[in-house]
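This report concerns only the one structure given below.
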Amino acid sequence: MQYLKDDVRERIVDAALDEFVEKGFNNASMREIAQRAQITVGNIYRYFKNKEDLLKQSLSPLIEVIDVFVNRDYIAEMGLSRHDEVRELIAANITKLYEDFPREFYVLRNGLKGTLYNAYYDNVVQSVIAKMKRFTISDAADIDPMIYEIMARNQIESIIYILEHAASEDVERLVKQFFGLSFRVFK
(Lines give C-alpha, C1' and ligand atoms only; values in the text may rest on other atoms or scores of the structure.)
Protein backbone atom coordinates (compact mmCIF):
# COMPACT_ATOMS: atom_id res chain seq x y z
CA MET A 1 0.00 0.00 0.00
CA GLN A 2 1.34 3.39 -0.99
CA TYR A 3 0.94 6.39 1.28
CA LEU A 4 -0.14 9.78 0.07
CA LYS A 5 2.47 12.43 0.69
CA ASP A 6 1.66 15.95 1.85
CA ASP A 7 4.44 17.50 -0.26
CA VAL A 8 3.08 15.85 -3.43
CA ARG A 9 -0.44 17.04 -2.60
CA GLU A 10 0.90 20.58 -2.05
CA ARG A 11 2.78 20.49 -5.37
CA ILE A 12 -0.39 19.39 -7.16
CA VAL A 13 -2.48 22.15 -5.54
CA ASP A 14 0.22 24.73 -6.28
CA ALA A 15 0.43 23.62 -9.93
CA ALA A 16 -3.36 23.57 -10.23
CA LEU A 17 -3.67 27.12 -8.90
CA ASP A 18 -1.10 28.32 -11.43
CA GLU A 19 -3.01 26.53 -14.21
CA PHE A 20 -6.39 27.86 -13.05
CA VAL A 21 -5.02 31.41 -12.87
CA GLU A 22 -3.56 31.20 -16.37
CA LYS A 23 -6.36 29.33 -18.13
CA GLY A 24 -9.44 29.36 -15.92
CA PHE A 25 -11.04 26.20 -14.61
CA ASN A 26 -12.70 25.03 -17.83
CA ASN A 27 -9.57 25.40 -19.94
CA ALA A 28 -7.19 23.98 -17.35
CA SER A 29 -5.63 20.65 -18.25
CA MET A 30 -4.90 17.85 -15.82
CA ARG A 31 -1.96 16.91 -18.07
CA GLU A 32 -0.52 20.44 -17.70
CA ILE A 33 -1.11 20.38 -13.95
CA ALA A 34 0.75 17.07 -13.75
CA GLN A 35 3.66 18.48 -15.77
CA ARG A 36 3.85 21.55 -13.56
CA ALA A 37 3.81 19.35 -10.44
CA GLN A 38 6.39 17.00 -12.03
CA ILE A 39 4.23 13.92 -11.54
CA THR A 40 2.09 11.68 -13.74
CA VAL A 41 -1.56 12.43 -14.48
CA GLY A 42 -2.48 9.14 -12.84
CA ASN A 43 -0.82 10.25 -9.63
CA ILE A 44 -3.11 13.29 -9.45
CA TYR A 45 -6.09 10.93 -9.33
CA ARG A 46 -4.62 9.18 -6.29
CA TYR A 47 -5.05 12.50 -4.43
CA PHE A 48 -8.13 14.01 -6.12
CA LYS A 49 -11.24 12.43 -7.65
CA ASN A 50 -11.35 14.79 -10.62
CA LYS A 51 -10.58 18.35 -11.67
CA GLU A 52 -13.53 19.78 -9.73
CA ASP A 53 -12.34 18.03 -6.55
CA LEU A 54 -8.89 19.50 -7.16
CA LEU A 55 -10.49 22.94 -7.54
CA LYS A 56 -12.47 22.46 -4.34
CA GLN A 57 -9.39 21.42 -2.37
CA SER A 58 -7.37 24.28 -3.88
CA LEU A 59 -9.93 26.91 -2.90
CA SER A 60 -11.12 25.46 0.42
CA PRO A 61 -8.68 27.42 2.64
CA LEU A 62 -9.87 30.71 1.12
CA ILE A 63 -13.55 29.71 1.17
CA GLU A 64 -13.33 28.77 4.85
CA VAL A 65 -11.80 32.15 5.73
CA ILE A 66 -14.34 34.08 3.62
CA ASP A 67 -17.23 32.20 5.20
CA VAL A 68 -16.01 33.00 8.71
CA PHE A 69 -15.36 36.61 7.73
CA VAL A 70 -18.73 37.16 6.03
CA ASN A 71 -20.70 35.45 8.77
CA ARG A 72 -18.89 37.13 11.66
CA ASP A 73 -21.01 39.71 13.44
CA TYR A 74 -18.43 42.40 14.18
CA ILE A 75 -20.99 44.88 15.50
CA ALA A 76 -22.47 42.38 17.97
CA GLU A 77 -18.98 41.46 19.17
CA MET A 78 -17.65 44.98 19.49
CA GLY A 79 -20.75 47.12 19.95
CA LEU A 80 -22.63 49.40 17.61
CA SER A 81 -20.95 52.51 18.99
CA ARG A 82 -17.50 51.29 17.92
CA HIS A 83 -17.93 51.71 14.16
CA ASP A 84 -14.43 53.08 13.67
CA GLU A 85 -12.84 50.06 15.34
CA VAL A 86 -15.11 47.69 13.41
CA ARG A 87 -14.15 49.40 10.14
CA GLU A 88 -10.45 49.12 11.03
CA LEU A 89 -10.79 45.42 11.84
CA ILE A 90 -12.77 44.63 8.69
CA ALA A 91 -10.27 46.51 6.51
CA ALA A 92 -7.34 44.70 8.12
CA ASN A 93 -9.04 41.32 7.66
CA ILE A 94 -9.87 41.97 4.01
CA THR A 95 -6.31 43.08 3.32
CA LYS A 96 -4.88 39.99 5.03
CA LEU A 97 -7.30 37.73 3.17
CA TYR A 98 -6.07 39.02 -0.17
CA GLU A 99 -2.41 38.95 0.87
CA ASP A 100 -2.67 35.35 2.14
CA PHE A 101 -4.61 33.94 -0.83
CA PRO A 102 -3.89 35.99 -3.98
CA ARG A 103 -4.05 33.12 -6.50
CA GLU A 104 -7.03 31.49 -4.83
CA PHE A 105 -8.82 34.83 -4.77
CA TYR A 106 -8.12 35.33 -8.47
CA VAL A 107 -9.38 31.86 -9.35
CA LEU A 108 -12.52 32.31 -7.26
CA ARG A 109 -13.16 35.67 -8.90
CA ASN A 110 -12.49 34.59 -12.49
CA GLY A 111 -13.49 31.68 -14.68
CA LEU A 112 -15.56 29.39 -12.44
CA LYS A 113 -18.67 29.12 -14.62
CA GLY A 114 -20.16 25.66 -14.45
CA THR A 115 -18.50 24.71 -11.16
CA LEU A 116 -19.79 24.23 -7.64
CA TYR A 117 -18.69 27.83 -6.92
CA ASN A 118 -20.95 29.30 -9.59
CA ALA A 119 -23.45 30.56 -6.99
CA TYR A 120 -20.92 31.34 -4.25
CA TYR A 121 -20.79 35.05 -5.06
CA ASP A 122 -24.58 35.32 -4.76
CA ASN A 123 -24.45 33.65 -1.34
CA VAL A 124 -21.89 36.20 -0.15
CA VAL A 125 -24.13 38.99 -1.48
CA GLN A 126 -27.06 37.64 0.53
CA SER A 127 -24.93 37.59 3.70
CA VAL A 128 -23.93 41.22 3.13
CA ILE A 129 -27.57 42.19 2.55
CA ALA A 130 -28.58 40.57 5.84
CA LYS A 131 -25.94 42.62 7.67
CA MET A 132 -26.97 45.82 5.91
CA LYS A 133 -30.60 45.34 6.90
CA ARG A 134 -29.64 44.97 10.55
CA PHE A 135 -27.78 48.26 10.67
CA THR A 136 -29.52 50.41 8.14
CA ILE A 137 -31.11 53.80 8.57
CA SER A 138 -34.33 54.03 10.58
CA ASP A 139 -36.74 54.18 7.62
CA ALA A 140 -35.49 50.84 6.24
CA ALA A 141 -39.03 49.54 5.74
CA ASP A 142 -39.31 51.92 2.79
CA ILE A 143 -36.19 50.60 1.06
CA ASP A 144 -36.86 48.31 -1.88
CA PRO A 145 -35.02 44.94 -1.66
CA MET A 146 -33.39 45.64 -5.01
CA ILE A 147 -31.64 48.67 -3.50
CA TYR A 148 -30.09 46.43 -0.84
CA GLU A 149 -28.98 44.04 -3.57
CA ILE A 150 -27.41 46.86 -5.57
CA MET A 151 -25.66 48.28 -2.51
CA ALA A 152 -24.32 44.88 -1.41
CA ARG A 153 -22.99 44.06 -4.87
CA ASN A 154 -21.50 47.54 -5.11
CA GLN A 155 -19.70 47.09 -1.79
CA ILE A 156 -18.28 43.73 -2.80
CA GLU A 157 -17.25 44.91 -6.27
CA SER A 158 -15.70 48.08 -4.84
CA ILE A 159 -13.59 46.09 -2.40
CA ILE A 160 -12.56 43.67 -5.14
CA TYR A 161 -11.64 46.62 -7.37
CA ILE A 162 -9.41 48.03 -4.63
CA LEU A 163 -7.77 44.64 -4.04
CA GLU A 164 -7.11 44.08 -7.73
CA HIS A 165 -5.99 47.59 -8.72
CA ALA A 166 -4.45 49.42 -5.77
CA ALA A 167 -0.82 49.18 -4.79
CA SER A 168 -0.43 46.69 -1.95
CA GLU A 169 0.66 49.39 0.48
CA ASP A 170 -2.52 51.38 -0.24
CA VAL A 171 -5.10 48.58 0.01
CA GLU A 172 -5.87 48.74 3.72
CA ARG A 173 -6.10 52.55 3.72
CA LEU A 174 -8.47 52.54 0.73
CA VAL A 175 -10.67 49.80 2.17
CA LYS A 176 -10.89 51.79 5.44
CA GLN A 177 -11.91 54.91 3.51
CA PHE A 178 -14.47 52.97 1.53
CA PHE A 179 -16.00 51.48 4.67
CA GLY A 180 -15.90 54.89 6.32
CA LEU A 181 -18.28 56.17 3.67
CA SER A 182 -20.40 52.99 3.69
CA PHE A 183 -20.77 53.02 7.46
CA ARG A 184 -22.16 56.56 7.33
CA VAL A 185 -25.13 55.21 5.41
CA PHE A 186 -25.56 52.13 7.59
CA LYS A 187 -25.49 53.25 11.19
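The values are calculated or read from the model by the stated rules, or taken from the named source; none is laboratory data. This one's a predicted model, so the numbers in the text were calculated from it and none came from an experiment. Glycine gets a Cβ as well: all are built from the backbone with ideal geometry, and neighbour counts include every protein chain shown.
Note on the range 69-83: residues that are modelled with pLDDT of 75 or more and either surrounded by 12 or more Cβ atoms within 10 Å (Cβ to Cβ) or polar (S, T, N, Q) (or both) amount to 4. Applying the set (1) surrounded by 14 or more Cβ atoms within 10 Å (Cβ to Cβ); (2) in a helix (DSSP H, G or I); (3) assigned by TED's automatic domain parsing to the domain that holds Asp18 to Val86 leaves exactly one unmet item: (3). Evaluate the range 58-68: report whether one residue or more is exposed (fewer than 12 other Cβ atoms within 10 Å of the Cβ) and not assigned by TED's automatic domain parsing to the domain that holds Asn93. Checked against the condition, which is being exposed (fewer than 12 other Cβ atoms within 10 Å of the Cβ) and not assigned by TED's automatic domain parsing to the domain that holds Asn93, the range 58-68 yields no hits at all.
Can you confirm whether the range 22-45 contains a residue that is outside the structural domain of Arg109 (by TED's automatic domain parsing), part of a loop (DSSP other than H, G, I, E, B), among the aliphatic types (A, V, I, L, M) and free of Cβ contacts under 8 Å to residues at least 24 places away in the same chain? Yes, the range 22-45 contains a residue that is outside the structural domain of Arg109 (by TED's automatic domain parsing), part of a loop (DSSP other than H, G, I, E, B), among the aliphatic types (A, V, I, L, M) and free of Cβ contacts under 8 Å to residues at least 24 places away in the same chain.
Mind checking whether some residue in the range 7-18 is in contact (Cβ under 8 Å) with a residue 60 or more places away in the chain and more than 30 Å from Ser182 (Cα to Cα)?
As a first pass, look at the range 7-18 and keep what is in contact (Cβ under 8 Å) with a residue 60 or more places away in the chain: 17-18.
Checking which are more than 30 Å from Ser182 (Cα to Cα) leaves us with 17-18.
For the range 7-18, residues in contact (Cβ under 8 Å) with a residue 60 or more places away in the chain and more than 30 Å from Ser182 (Cα to Cα): present.
For the residues Lys113, Lys56, the requirement of being touching a residue at least 40 places away in the same chain (Cβ under 8 Å), within 23 Å of Val13 (Cβ to Cβ), more than 11 Å from the chain's Cα centre (by Cα) and not in a helix (DSSP H, G or I) singles out Lys113.
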